[in-house]
Amino acid sequence: MGLGFKAIESSLSSNPYLWIEDVNAFSSSITIDYKLTKRILISSGIEYERKGGETDQIGYKYSENGRLFYKTTVFNLDFIQIPVFATYKTNGKVKFFVNAGLNMGYLFNQTIEPKDKSLPKRDMDYDEFELSLLLGGGVEVKCTDRIDLSLGVRNNQGLNELEIEGSNLNLKTNTLGVLLNLSYNL
């Protein structure tokens, strides 16, 4: 069983005419591992992950001195995710590992707001479920007989588009993060 924190770079992709910049965000997780062999584990758990992006091409439109312009708009997409993945670890006190699997996400909060927070948030209406491919790797150090500390890199690439019915503003998510995880071995 483990607790993790991940600092991520989140990106959103959309139609080719809309440029959405990456943003830094965070994720926290609780994981449970099941050992199949000494080197192969199946893992799952629950994660909170904030994904998003920012653009000045859509969102809040204002008129100032007879001129129209757009404020930089921030997308905030908050997910509860259930990852299911396999991990292969090397032997030794310091272990290297790689993992791969799927991540099932539920989008429970979705808003856009001006970056300068000069106006209130607006709710969005995207699909609530996302499936993503999870790939990662890193190093794990045995601290005590029961406690391990790992540092790794993980990528979650969205496989389906989040869609708003009747809109051409469909998004795919991607996060790349550095994960710090503390595990307690039962």
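Quick note: the coordinates plus some simple rules give every number you see, no bench work behind them. These numbers come from a predicted model, not from an experiment. Using ideal geometry, Cβ is built from the backbone for each residue, glycine included, and neighbour counts are taken over all protein chains shown.
Given a Förster radius of 22 Å and the C-beta distance between Ala100 and Cys143 as r, what FRET efficiency does 1/(1 + (r/R0)^6) yield to the nearest 0.05? For Ala100 and Cys143, the calculated efficiency is 0.30. Compute the longest continuous run of the chain that contains no exposed chymotrypsin sites (Phe, Trp or Tyr not before Pro); treat a site as exposed when its DSSP state is not H, G, I, E or B and it has at most 13 other Cβ atoms within 10 Å. The longest uninterrupted stretch comes out as 20-186.
The GluC sites (Glu not before Pro) of the range 130-175 that DSSP puts in a loop, and whose beta carbon has at most 11 other beta carbons within 10 Å, are Glu165. Relative to the Cα centre, the charge distribution of the chain, modelled as +1 at Lys and Arg Cβ and -1 at Asp and Glu Cβ, gives a dipole magnitude of about 920 debye. With an 8 Å Cα cut-off and a minimum separation of 6 or more residues, compute the relative contact order for the chain in percent. That works out to 22 percent.
Arrange Val74, Val153, Val94 by Cβ neighbour counts within 10 Å, fewest through most, would you?
Sorted ascending by nearby Cβ count, the order is Val94, Val153, Val74.
Look at (1) 13.1; (2) 11.7; (3) 24.5: the one that is mean projected area of the Cα convex hull in nm² derived from this structure is (2). Pairs from the list Lys6/Lys95; Lys51/Lys117; Lys142/Lys172; Lys93/Lys172; Lys51/Lys93 with a Cα-Cα gap above 27 Å: Lys142/Lys172; Lys93/Lys172; Lys51/Lys93.
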